[in-house]
Amino acid sequence: MTLEETTMTFTELTADLETPGPDWRRTAVVYQIYPRSFADSNGDGIGDLPGITHRLPALAQLGIDAIWLSPFYKSPQVDAGYDVADYRDVDPVFGTLADFDAMLDKAHGLGLKVIVDLVPNHSSDEHEWFRQALAAAPGSLERERYMFRDGRGENGELPPNNWESCFRGPAWTRTTDADGTPGQWYLHLFDTKQPDWNWENPEVRAEFLDVLRFWLDRGVDGFRVDVAHALIKAPGLPDQQAAEKAADDAGNPEGFFNVGPMWDQDRVHEVYREWRALLDTYSPDRILCAEAWVPSLDRLARYVRDDEMHQAFNFDYLESEWDAAHLRSVIDKSVTANETVGAPTTWVLSNHDVVRHVSRLGLPAGPRPNGIRADDLQPDHELGLRRARAATLLMLALPGSAYMYQGEELGLPDHTALDDDLRQDPTWWRSQYTEAGRDGCRVPLPWEADEPGLGFGPGGATWLPQPTAYAELARDRQLEVEGSTLEMYRTALAFRRAFALAVGSIEWAPAATGVLQLVNGELTIAANTGSEPVPMPDGELLMSSVELDDHSVLPADTTVWLLTEVFNESQS
Ligand code: GLC
């Protein structure tokens, strides 16, 4: 099936699906832009807002519904912008507020919604209020905006509790008083340069409501809320218990977790109820999406109760093995948990914090690594790409919203042989150079294979080097090339819309071991996660994650979309 044929089917089939469209907050495919690596307009090797504006038509052509931009705010860039020094301004590296407005206008003109990243757990230590806090005395109003505490031990020389930073090392840093003597400690769940806000302080709450208003008034369609489960800490900041710590460590390799007095406290929901009330005063349909690494899908569903956020990332799905039984169980649990609160389910396979799914699925089953180094076991690229394409076709067939990470439509792997000296993720040095961290998935995108820097920006500079494999995967090598990963995404996104899969529901059909077979509306979807081919299910083959010579078998590591019999009958 070519895209032209797809487009025709799409037009025909959507004719009566138009007004009023389904609520985008329940169905959208959201494309994550990581601004520093998307497209560069000024040749400094770092992506920027004008670069995004310039490349937006390519995203409209892909067939997504919305974009989410990782932070572009004023920041010393210690954690690639997740360390915000001014929540109401654009960092000069990325452009200006006027560049933002131009980008927003262009996106809206192309029919794309725009979600921005809000980082409410911590600021940069270069934020004006943190500078004031450091200069002020213990107990002052300035210090009350952050989490300052006296140390333990005879002279306050020990940190106030045993919490560790998600980027490794202690979660507390001691300050130095004006006279040069050691002072209080402040909490930072991430880097030393990312002090945690004090969400018990009404002034902080008011400030963030104002930040939300600032961007809503500018016309953004909503917010992705960074570490949404961290804002409120347990009263008294008790030590993390050994069992909690063990569960936390087992949780996920990036350490963004999950069990203990700093995570997922019930009172954090007060904050989101307030934000939701504010959003509801804006028309017509703004969104809040939680990044919350919590221990269960039931806990996650609490963030999307009907007076809180609209969506939450489904990291259990991202973390599932390429295994039919595991995937089915996560899909069922996700749908059930969200149905209890009336929220849409979301699906995601990659983002800027994890090894891309092409690389992940090319590794033997086991715990996900936090980055891959040149000396580590290297992923099997061919297998990884094949599985990643199959995993993507499964994801895009599921009802609800799907999140894509820039470059996955090109089938990009991580850079798994990056020179250690170039690493910028604070995890690298905070872990005493034992954990690679997240740079491998953050490499500048390849747009045109024959241009310097693969077309990332004028002059060819890129803030991280691109692996040689990226040239062949450049967008211009794949656009309108039958069988390319890019065309697979475009076709799948068009069919997803045409067959209204996002507003559908799942019914499981019996299937061989290792195979998932489900019906969503007019389509049957089958994914063979096993190592042996199985007979092809009934139905007319609409698309496949790999090219199939023989339509009677469904090979290993392949997903197909078929028109089910009901549809065939109505055609005859
Ligand atoms: C989130 C972001 C991650 C960042 C962290 C601290 O998990 O996705 O990139 O490092 O929060 O802000």
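The values are calculated or read from the model by the stated rules, or taken from the named source; none is laboratory data. Because the structure is predicted, anything quoted here is derived from the model rather than measured. All Cβ positions, glycine included, derive from the backbone under ideal geometry; neighbour counts span all protein chains shown. These area figures cover heavy atoms from the full protein model, side chains too; ligands, DNA and RNA do not enter into them. Shrake-Rupley method; radii C 1.70, N 1.55, O 1.52, S 1.80 Å.
Which ones in region 279-298 are within 16 Å of the ligand (Cβ to nearest atom) and under 11 Å from residue 309 (Cα atoms)?
Matches in region 279-298: 288, 289, 290, 291.
Quick check on residue 413: is it in contact (Cβ under 8 Å) with a residue 12 or more places away in the chain, open to solvent by 30 Å² or more (accessible area, probe 1.4 Å) and either away from the ligand (no atom under 16 Å from the Cβ) or hydrophobic (A, V, I, L, M, F, W, C) (or both)?
For residue 413, the condition - in contact (Cβ under 8 Å) with a residue 12 or more places away in the chain, open to solvent by 30 Å² or more (accessible area, probe 1.4 Å) and either away from the ligand (no atom under 16 Å from the Cβ) or hydrophobic (A, V, I, L, M, F, W, C) (or both) - is not met.
Which of (1) closer than 25 Å to residue 268 by Cα; (2) in contact with a helix residue (DSSP H, G or I) (Cβ under 6 Å, 6 or more places away or on another chain) is the odd one out, the single condition residue 136 does not satisfy?
Going through (1) closer than 25 Å to residue 268 by Cα; (2) in contact with a helix residue (DSSP H, G or I) (Cβ under 6 Å, 6 or more places away or on another chain) one by one, residue 136 breaks only (1).
Checking residue 32 against (1) more than 20 Å from residue 131 (Cα to Cα); (2) in contact (Cβ under 8 Å) with a residue 60 or more places away in the chain; (3) away from the ligand (no atom under 16 Å from the Cβ), only one condition comes out false. Which one?
Against the list (1) more than 20 Å from residue 131 (Cα to Cα); (2) in contact (Cβ under 8 Å) with a residue 60 or more places away in the chain; (3) away from the ligand (no atom under 16 Å from the Cβ), residue 32 comes up short only on (3).
Looking at (1) open to solvent by less than 20 Å² (accessible area, probe 1.4 Å); (2) within 23 Å of the chain's Cα centre (by Cα), can you tell me which one residue 55 breaks?
For residue 55, the exception is condition (1).
Please return the ranges of strands (runs of 3 or more DSSP E) entirely within region 168-275 where 2 or more residues are without any contact (Cβ under 8 Å) to a residue 40 or more places away in the chain.
Result: 172-176, 182-187.
Which condition number does residue 164 fail, the rest of (1) within 16 Å of the ligand (Cβ to nearest atom); (2) within 25 Å of residue 44 (Cβ to Cβ); (3) open to solvent by 60 Å² or more (accessible area, probe 1.4 Å) being met?
(2)
Determine the pairs where a residue that is farther than 14 Å from residue 201 by Cβ and within 14 Å of the ligand (Cβ to nearest atom), located within region 121-135, has a partner that is open to solvent by 10 Å² or more (accessible area, probe 1.4 Å) and part of a helix (DSSP H, G or I) with Cβ atoms under 9 Å apart, the partner being 6 or more residues away or on another chain.
Here the result reads 125/131; 125/134, each pair linking region 121-135 to a residue that is open to solvent by 10 Å² or more (accessible area, probe 1.4 Å) and part of a helix (DSSP H, G or I).
Would you check if there is a residue in region 2-21 being open to solvent by 20 Å² or more (accessible area, probe 1.4 Å) and at pLDDT 95 or above?
Scanning region 2-21 turns up no residue that is open to solvent by 20 Å² or more (accessible area, probe 1.4 Å) and at pLDDT 95 or above.
Residue by residue, here is whether (1) at positive phi; (2) at pLDDT 95 or above; (3) out of contact with any Ser or Thr (no Cβ under 9 Å at 6 or more places or on another chain); (4) small (Gly, Ala, Ser) holds:
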{"position": "423", "(1), (2), (3), (4)": "no, yes, yes, no"}
{"position": "430", "(1), (2), (3), (4)": "no, no, no, no"}
{"position": "440", "(1), (2), (3), (4)": "no, yes, no, yes"}
{"position": "477", "(1), (2), (3), (4)": "no, yes, no, no"}
{"position": "492", "(1), (2), (3), (4)": "no, yes, no, yes"}
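Can you find a residue in region 268-278 that is open to solvent by less than 30 Å² (accessible area, probe 1.4 Å), modelled with pLDDT under 95 and within 16 Å of the ligand (Cβ to nearest atom)?
no
Can you tell me which of (1) surrounded by 21 or more Cβ atoms within 10 Å (Cβ to Cβ); (2) under 30 Å from residue 403 (Cα atoms) is the one residue 101 doesn't meet?
Every condition holds for residue 101 apart from (1).
Give 110, 134, 158 a once-over and let me know the one that is open to solvent by 10 Å² or more (accessible area, probe 1.4 Å) and over 23 Å from residue 193 (Cβ atoms).
Going through 110, 134, 158 in turn, just one is open to solvent by 10 Å² or more (accessible area, probe 1.4 Å) and over 23 Å from residue 193 (Cβ atoms): 110.
Tell me, please, whether a residue that is closer than 27 Å to residue 290 by Cβ and in contact with a Cys (Cβ under 6 Å, 6 or more places away or on another chain) can be found in region 202-221.
no
In region 293-307, which residues are modelled with pLDDT of 95 or more and in contact with a helix residue (DSSP H, G or I) (Cβ under 6 Å, 6 or more places away or on another chain)?
301, 307 - these are the residues of region 293-307 that are modelled with pLDDT of 95 or more and in contact with a helix residue (DSSP H, G or I) (Cβ under 6 Å, 6 or more places away or on another chain).
Can you pull out the residues in region 22-52 that are open to solvent by less than 10 Å² (accessible area, probe 1.4 Å) and not in a loop (DSSP other than H, G, I, E, B)?
29, 30, 31, 32, 33, 35, 37, 49, 51, 52
In this structure, does residue 145 turn out to be crowded, with 22+ Cβ neighbours inside 10 Å and away from the ligand (no atom under 16 Å from the Cβ)?
Criteria met by residue 145.
Among the residues that make up region 206-222, is at least one of them more than 13 Å from the ligand (Cβ to nearest atom), open to solvent by 30 Å² or more (accessible area, probe 1.4 Å), among the aromatic types (Phe, Trp, Tyr) and touching a strand residue (DSSP E or B) at 6+ places or on another chain (Cβ under 9 Å)?
Within region 206-222, one or more residues are more than 13 Å from the ligand (Cβ to nearest atom), open to solvent by 30 Å² or more (accessible area, probe 1.4 Å), among the aromatic types (Phe, Trp, Tyr) and touching a strand residue (DSSP E or B) at 6+ places or on another chain (Cβ under 9 Å).
Rundown of residues vs (1) away from the ligand (no atom under 16 Å from the Cβ); (2) within 19 Å of the chain's Cα centre (by Cα); (3) crowded, with 22+ Cβ neighbours inside 10 Å, yes/no style:
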| position | (1), (2), (3) |
| --- | --- |
| 312 | no, yes, yes |
| 320 | yes, yes, no |
| 323 | yes, no, no |
| 326 | yes, no, no |
| 331 | yes, yes, yes |
| 340 | yes, no, no |
| 345 | yes, yes, yes |
| 351 | no, yes, yes |
| 357 | yes, yes, yes |
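Specify the residue that is nearest to residue 235 (Cα to Cα); the eligible residues are those in region 170-205 that are within 16 Å of the ligand (Cβ to nearest atom) and of a type in the set (Asp, Glu).
Filtering first and then ranking leaves 196.
Looking only at region 491-515, which residues are within 25 Å of the chain's Cα centre (by Cα) and farther than 20 Å from residue 26 by Cα?
491
Could you give every pair whose Cβ atoms fall below 7 Å, whose first residue belongs to region 44-55 and is polar (S, T, N, Q), and whose second residue is buried (at least 19 other Cβ atoms within 10 Å of the Cβ), counting only separations of at least 6 or pairs across chains?
That search, which allows pairs on different chains as well, returns 53/103.
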